Every structure is written in C-alpha cells, then in structure tokens.
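S.K.: Take this structure first; my questions come after.
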Amino acid sequence: MILNLDLSSEVPIYQQIRDQVVAAIAAGELVAGSPLPSTRQLAGDLGINFHTVGKAYDQLRHEGLLLINRKSGAVVRRDPRSGPAEPGFAEEWAGRMRTLLAEAVAQGLDAAAVLAACGAALDDFGTGAAHIPSEGELQ
Amino acid sequence: MNMAVVVSGALVPAVLLVLAWLMPSLTPPDLPFGVRIPAARRNEPAIVGQLRPYRRWLVGWGAVVPVAGCVLAGFFPDGAGAEVVGTVPAFVVLAVYVTGYTRARRAVLAAKQAGGWYEGLRQGVAADTSLRTSRQPFPWLWALPSVLLTAATAAIGAARYDDMPQRLPMYFGFDGTAVGFADKSVGVAFVPVFGQVALTALITATVWAVLRGRADLDPARPVASAAGHRRYVARMGAALLVLAAALDLSMLLAALRIWDGAGEIPPVLPLAPVAFGLAVLVVAAARTAQDSGPAAADGPDESTVEPDSGLVHADDDRHWRAGIVYVNRQDPALLVRKRFGIGWTVNAGNPRAVLLLLTSVALVVALTVAWRAPEHTTIAATDRDVTFTVDGTLTYGTVHVPAHRAGQRLAAALLLPGSGTTDRDGNQPPAMVVDTLALTANALDADGVMSLRFDKYDSGRTGPGAYRDDPGRIDMAAFTRQAEAAYAVMRDQPESDPRALLIIGHSEGALHALLAAHDVSPAPAGLALLAPQDQRLLDLISRQLGDQLDQLAAAGRVDAATAASNKAGITRAVADFRAERAADTSGLLPPFADLLNGLFSPYNSRFVRTDDATDPLQAARGIPPGTRVEVTCGTADSNVPCDTLPPFTAALRETGTASLVERRLDGVDHLLRPAAAPPQTKVLDPSVLDALHQFDQPWRRRA
C-alpha cells in the first residue's frame, strides 16, 4: 500500500498513517495476514520519528486491525471478509459516526448529498456490501 | 613521455570532466544542481538558464586541463615526483567542477527563495509498504559472472602453482612496473583471488544494501515513482554486479601476469575492464534519470494516470549541506541516494552511519599502508644460480645481487670473459686461476650494481654443450649468441632495471660486448671494454708474435735475419689461411709454428676464421648511439698495448656515444693485475677498480 503523508496538515502524522491503513484494509489493498514494515523501517522510509509510526501501529492494534508480534512483525489481523466485528464495535463506531453526521447537518449539508457521499465512499472501498438505501427506507 | 602521467594527468581529468558535464542529465529533474524544487517549476528559466553557463565553464577548463596534464607529463619523463604531480590535474578538475556546480546551485537557490516556489503548496512524504514487504529479489543471475571469474582465477592459480616462479611480483608502481617481490607461497600467489573474493563480497553486500535502501518517492505520483524505484534498484544492482565481474576480470588479467613473474603489468590491462564496468554504471544511472523525468509519468509502464494527491515532495534542502552532504539526525537511514551524482551518500547526522564511514576509511587506509612495499627492508647480497638454454646448450651462470632495499631496481652488468676456455669467474683452471670476473662482480657490488656471469662454451659446468660431438663446428657467432641469451636472462631478473643494463667485456669478451650491443633489446646503457680485442684476431696475433721476435732478437737469442724471416713466414701463413690455402709453417721457429698450427687445426680453424673475419673497428661502429662507453688499456699489457687503441676509440666515437672515457692504466697487465703480481694471485689493480667505479657512477644505488 501507498502511504502519503501531508506534512502541513492539521491532522497528526500518526493519525494519517492509522487512517490510511484502515482505508487500505477497507479497500482490500491489505487483507488479513498482509505484512506491514516494522516501525523503524517505515519511519526510515518516511523520514519521520519511529515513535510516530509506533503510535499509529499501537492504535491499529488497539482497534483489533493489527497484530504486532516480535517475531513476525506487524500483520493485518482482519479484513471485511473476516466476519462480524467485535462486540461493542458497532455501538462505539455509531457514536463517532453520529458526531460526523452532526457536523454535516450543523454545517447545513443536504441529507441526500450526505448519503450519496457515504455511498460513494463505500463504493470506493468496493466491498460489494454497500447497499445504498432508497429515500423511502429512510425515516 | 611517461605513460602513467598521461593517464593520470590527461585521461582521468578528461573522464571527470565528461562526467561533470553529464551530471545534470544524470540527476532527477526536480533536483537541479542539488536544489529541491516543486515538479511544476522544472522548466523555470532560472533553472534552465544555468545549464549552459555551467557546461560552458566545464568545456572552457576542459580544453585547458588535459593539455596542461600532457605538458606536465612531458616535464616528468619518469620517476620521482611524477606520482604526486600526476594527480594535480585531477584535483584541478574537481575544483573546477565544484566551482561550476556551486555557482549554478546558488542561482537556482536564489530563484527558489525569491519566487517563493513552495508557498501555498502542501508538502508531503510518501512510502510504499510493499517495497518492504515484498522486496525486489536479489539478482543472483547477474552475480554469476563474478562468481565464475573468481572460481576460474582460483582454478588457474591452483593448476599453475607449481610452475610459478619462486619470487612473485606483489607490489606495483604507478606505471605498472613491479617494485616489490615476495617469495612464493599459497598466501602470496592467491592474493589476486583473495582480492576478488573480498571485492565480490563487498559489491554483493552493496547490492544487498541498495535493495534495502530507502525509496524517496514523489508524493505527487507515489505509485509511478515506486515502480521507478523498483526498476532503479534492479538496474543499479545488475550494473554493480557487472562492475564486480569487470573488477574480477581485471584481477584475473593481473594475476596471469603476476604468476608469470612479469616485471610489469601494462596499466591498460586492468583499466580496460574497470572502465567498461564504470561506463555500465553511468549508463544505468542515466537511464534512471530519464525514468524519473517528465516523460516517464506518461510512459508505457504507467498507463494509468494517478489521481492528483495534491501533495508535492517536501522541501528537504535544509538536510543537505551544499546539496552534497546529508545531515539529518531525525532520519534513521544510513545511506541515502545522492542528489547530484551517482550512487549513495551516508547520513552524516546518524552516528551509526558516521561510524560506518570512518570504519571503511580506516580500513582502506590500513590496507593501503599494509600493502606498501616494505621499502626499508634491506635484502642481503646474494649469489643466485641461473641456467638458460641457447642453441640447445644448457648454460650455467651466477647472478650476483648486492644488498638492496626491497623493491629497488638495480643496474645490472653482463660480464664477458676473454678468449679461451675461461669460466664465469674469469679462470681457466688449473693453469690460470685469477678470478678476473669474480673480482669485477665484487667491485660492482660495492656500487650496488648487480651482475651476471656465466660459463661459456667449453668452460665450467656448461662444457661443450651441443658441440660435444663436433667441437670444430663452433664459431664466433655462437659465443655472441650465448652472450645475448645471458643478457636477456639478466634483463629478466626481478631486481634488474631495464633502463640500466650494462655489458663489461674483457679482451675477446669486449668484442662480443660490441656485437651483442648491436642486437640486444633494450640496448645496453653502458659498455666497459677492458683491454679490448681491438684488431682482427690474426692481425693481433701476428703483431704479438712479431713483438716477441723483436724481443728475442734484442736479447740476442735469435739473429736479426731469423727474426725477419719468421715475421715474413707468419705474415705469409696468415695470408694463406685467410685465402683458404694450405698454410706452410715449416720454416718457422718451433714455438711459432706450433701456435699457428694449433690455430689452423680443424679443431680451431672455423672459430679462428670467423673471429678473424670480425673487424673490431666495424663492430665498434655498430653500437647504438647514446651509449656510455669506457675503454681501458694497461701499459704492461703485451696482448692489447695502449698504442694500438686509437683507431678503435676513433671508431667508437663515430657512433655518437653519450660519453667515451679512455683510461690508461699504469703497470696493469692483460689480466688487469699489477704487472708485478705473482702468477695465480686473485687481485685486480687498484686503478682497474677505480676505472670500474668511474664507469658505473651514473648507475650507483645505495641500499
């Protein structure tokens, strides 16, 4: 996978790494068992401090997406085909999504446009699981 | 003109200039003169405009420096100082290069700052994790040639080990001449193979490191630049392994010369493969620069155009001092690709990288120091037995090497004895044991001049050789050929300096010296002709016998009429012999008749006839011009009296000798001894020693 970091962004670098790895798993670019470079190697390649990479990897491990093993290094732990999420994840995620949607609504984005953007994003991941609900299904 | 100085004074600077001229084309287009710029600014006039002045600056100097290098080479025909002076043009070219580069770089930097090229741009960094998780495989196939060459060298060395000379050239001067030798052993003979193994291992390790090196991806098009990086490491890996094979080939060629005991390795032999390997490397680097150029983005490989990430490569100029030295404490990388140049440079901000660099430098320095010829080791004087075959006759001789420094080249003199069955020491045992030549060798030893003397036909260990069954067949030319073969053996001794080869001939040996000087290569630098045979043989003998008759008459032991008739009879017999008529000696006094009969006997006649046919004056005129010559005569020498010499020295002078010294040695007899010395005493007159020291003065060496 390609990691492309914006050094002038407000988003912290560890966050950018974490986000891009999650996106790569969603897009199927990384699947369960895919290896990732060690924190030192990746830090070297990006020319950044290896603690920054460590922080990103740590978060991914915490989220159950990465398995960090002293022997085999960092390995992707799950992908869309690995079955249902851990219990509790859906609720926690729904909370964050609610905040994200609230931002959109508060800024006056049109509900249909928001839904279309969600659909496009899911399409981008090419999961095939994306099912864009019709207007009628929405309450 | 010194070839080595031409190479280092003109060829190396010329190659450096060409590389400098090419360098802007060998570096990525977003790093003009080592300055990071946004890709969109590639064609800014401030950048494009720097290229012509930079190249014009190089071409201007390029016309001057190699010419100056050649002139310099003319001023240093050889030897001392050439090594140091020879490197000056290369350093001048480096200074020219750095100056031109710095000027262009400053201009680009100024334009970049004035234009605020990075303002409003989002700077990024990119990495492709697959470059780490599925690495480019090591190009083992490309490593095969160097491994095979190394194995072949080892196999050839093993097969030839027994036939190698006892002393192998191990240290070589600037111009490829051997300056030091080592006694044969497995450790010495296989040094080229060890070198190959070490170099192949070093380059393989470098390729291994290149494959693991950091990919500096362009965040604007990371996928394309990641693919480009893969091609880059594959290409550079292959090119480096080709270079390894080229270096191994160089060492194989050098090894073949070393194992022959050759006195020199022509520099072109090892340089040609190295030049080829380096050219391959430059071409590979140039291809990479094209690869990352604007054309590559829409080349056939990257048919899918990447979506714009909106990022540009981060401006990392602050980590590059002068665009050449990389210092970044935050960067864990040891090696990074050079910005302006071919290859990689260390991260001077990384203590481990600095340690690596210092270790390599220390290793190179240590090896260089360890590999210097042990110049201050004195090698003791030694007598070495040599044999050589000439016309099917195994000839035995002695090479005397004075005490000298290891690697020192010495002047070498071939010592040729007088007539008769005189052996290498100048003796005809048991009748005459006076050591004329052994003592001459000693005198030369004192001046650091080595010598070769040998048992000529019919003497010493050599004996009659191929003429055993037909001794009457031997002629004058056979002895000259034997002397010339000995000269070649002397020339090929590891210690002998081919520019200081001398021949010292005594009596008839002096005539052979003149004849050999005409034929041998390289021509002798000097000839010492001690009591030389300066007349045709039978003229000389007639005169000697005439002198004896005069002495007998003066002493009243024969009457004047007998003396006159004997003289006339001798003249007549000689004329008859020369005309190939039967020579009548019946009317002569018995000792004279016996002597002439002996000379004219079937056993001797062929040699006497061919010797007599050789005119010493003509032989003297045949020596190469520019030879230093010394001629001596002894006032107590009845065989070659001083007063017969002037026509001979006049003939020598006609050749345009570099110098012609005539020494008249008071009270010295034909065997170079004081006239009063009792027979069988081994001594040279002090004036003879003095004449020898005067002769070898230009070629003296101190241990």
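The values are calculated or read from the model by the stated rules, or taken from the named source; none is laboratory data. For clarity, every value in this text was computed on a predicted model and none was experimentally measured. Cβ placement follows ideal geometry from the backbone for every residue including glycine, while neighbour counts extend to all protein chains displayed. SASA here: full protein model, heavy atoms, side chains in, ligands and nucleic acids out. Shrake-Rupley method; radii C 1.70, N 1.55, O 1.52, S 1.80 Å.
S.K.: So which residues in the range B:125-147 are of a type in the set (D, E, K, R) and facing another protein chain (nearest Cβ under 9 Å)?
M.R.: Passing the criteria: B:Asp128, B:Arg132.
S.K.: For residues that are at the interface with chain B (Cβ under 9 Å from one of its Cβ atoms) and of a type in the set (Gly, Ala, Ser), scanning just the range A:20-35, find the one that is surrounded by the fewest Cβ atoms within 10 Å (Cβ to Cβ).
M.R.: Once the filter is applied, the top-ranked residue is A:Ser34.
S.K.: Would the range B:573-581 turn up any residue that is in a helix (DSSP H, G or I) and either modelled with pLDDT under 90 or small (Gly, Ala, Ser) (or both)?
M.R.: There is at least one residue in the range B:573-581 that is in a helix (DSSP H, G or I) and either modelled with pLDDT under 90 or small (Gly, Ala, Ser) (or both).
S.K.: From the residues in the range B:318-339 that are among the β-branched types (Val, Ile, Thr) and either open to solvent by 70 Å² or more (accessible area, probe 1.4 Å) or assigned to a loop (DSSP other than H, G, I, E, B) (or both), which one is farthest from the other protein chains (Cβ to nearest Cβ)?
M.R.: Once the filter is applied, the top-ranked residue is B:Ile324.
S.K.: Of the residues B:Val629, B:Val608, which is open to solvent by less than 20 Å² (accessible area, probe 1.4 Å), farther than 28 Å from B:Ala412 by Cα and not assigned by TED's automatic domain parsing to the domain that holds B:Ala575?
M.R.: Answer to the selection: B:Val608.
S.K.: Before we move on, is A:Gly54 in a helix (DSSP H, G or I), surrounded by 12 or more Cβ atoms within 10 Å (Cβ to Cβ) and more than 11 Å from chain B (Cβ to nearest Cβ)?
M.R.: So A:Gly54 fits the description; yes.
S.K.: Let me ask something else about it. Looking at (1) away from every other protein chain (no Cβ under 14 Å); (2) modelled with pLDDT of 85 or more; (3) open to solvent by 60 Å² or more (accessible area, probe 1.4 Å), find the lone condition where B:Val64 falls short.
M.R.: (2)
S.K.: Of all residues being in contact with a Leu (Cβ under 9 Å, 6 or more places away or on another chain) and part of a helix (DSSP H, G or I) in the range B:120-139, which is nearest to B:Met236 (Cα to Cα)? Just the residue, please.
M.R.: The selected residue is B:Leu131.
S.K.: Can you name every residue in the range B:172-230 that is more than 13 Å from chain A (Cβ to nearest Cβ), hydroxyl-bearing (Ser, Thr, Tyr) and farther than 16 Å from B:Pro137 by Cα?
M.R.: B:Thr177, B:Ser185, B:Thr200
S.K.: Of the conditions (1) in a strand (DSSP E or B); (2) more than 36 Å from the chain's Cα centre (by Cα), B:Thr632 satisfies every one except a single condition; which number is it?
M.R.: So the condition that B:Thr632 fails would be (2).
S.K.: Taking B:Val346, is it modelled with pLDDT of 85 or more and either within 30 Å of A:Thr52 (Cβ to Cβ) or part of a strand (DSSP E or B) (or both)?
M.R.: In short, yes.
S.K.: Can you tell me which of (1) more than 14 Å from chain A (Cβ to nearest Cβ); (2) touching a helix residue (DSSP H, G or I) at 6+ places or on another chain (Cβ under 8 Å); (3) at pLDDT 85 or above is the one B:Leu358 doesn't meet?
M.R.: The single condition B:Leu358 does not satisfy is (2).
S.K.: Moving to a separate point now. When you check B:Ala677 against the structure, is it without any contact (Cβ under 8 Å) to a residue 40 or more places away in the chain, open to solvent by 40 Å² or more (accessible area, probe 1.4 Å) and either assigned by TED's automatic domain parsing to the domain that holds B:Ala411 or touching a Leu at 6+ places or on another chain (Cβ under 9 Å) (or both), yes or no?
M.R.: So B:Ala677 does not fit the description; no.
S.K.: Only one of (1) at pLDDT below 90; (2) out of contact with any helix residue (DSSP H, G or I) (no Cβ under 8 Å at 6 or more places or on another chain) is not met by B:Pro471, so which one is it?
M.R.: (2)
S.K.: Tally the residues that are without any contact (Cβ under 8 Å) to a residue 40 or more places away in the chain and within 7 Å of chain B (Cβ to nearest Cβ), restricting the search to the range A:36-51.
M.R.: The qualifying residues number 10.
S.K.: Still on this structure, I have one more. Need the failing condition index for B:Asp315 against (1) assigned to a loop (DSSP other than H, G, I, E, B); (2) open to solvent by 60 Å² or more (accessible area, probe 1.4 Å), just the number.
M.R.: Among (1) assigned to a loop (DSSP other than H, G, I, E, B); (2) open to solvent by 60 Å² or more (accessible area, probe 1.4 Å), B:Asp315 violates only (2).
S.K.: Check A:Arg70, A:Arg81 and return the single one that is touching a residue at least 24 places away in the same chain (Cβ under 8 Å), away from chain B (no Cβ under 14 Å), farther than 26 Å from B:Asn328 by Cα and surrounded by fewer than 18 Cβ atoms within 10 Å (Cβ to Cβ).
M.R.: Criteria check complete, one pass: A:Arg81.
S.K.: Follow-up question, since we're still on this one. Looking for something among the charged types (D, E, K, R), surrounded by fewer than 23 Cβ atoms within 10 Å (Cβ to Cβ) and over 30 Å from B:Arg167 (Cα atoms) - is there at least one such residue anywhere in the range B:234-251?
M.R.: Yes, the range B:234-251 contains at least one residue that is among the charged types (D, E, K, R), surrounded by fewer than 23 Cβ atoms within 10 Å (Cβ to Cβ) and over 30 Å from B:Arg167 (Cα atoms).
S.K.: While we're here: Taking the stated definitions as given, is B:Leu439 open to solvent by less than 10 Å² (accessible area, probe 1.4 Å) and modelled with pLDDT of 95 or more?
M.R.: For B:Leu439, the condition - open to solvent by less than 10 Å² (accessible area, probe 1.4 Å) and modelled with pLDDT of 95 or more - is not met.
S.K.: Output yes when any residue across the range B:648-658 is within 37 Å of the chain's Cα centre (by Cα), modelled with pLDDT under 90 and closer than 30 Å to B:Pro402 by Cα, and no when none is.
M.R.: Looking for residues that are within 37 Å of the chain's Cα centre (by Cα), modelled with pLDDT under 90 and closer than 30 Å to B:Pro402 by Cα, one finds at least one in the range B:648-658, hence yes.
S.K.: Which is touching a Ser or Thr at 6+ places or on another chain (Cβ under 6 Å) and under 30 Å from B:Gly213 (Cβ atoms), of B:Ser146, B:Ser130, B:Ser134?
M.R.: B:Ser146
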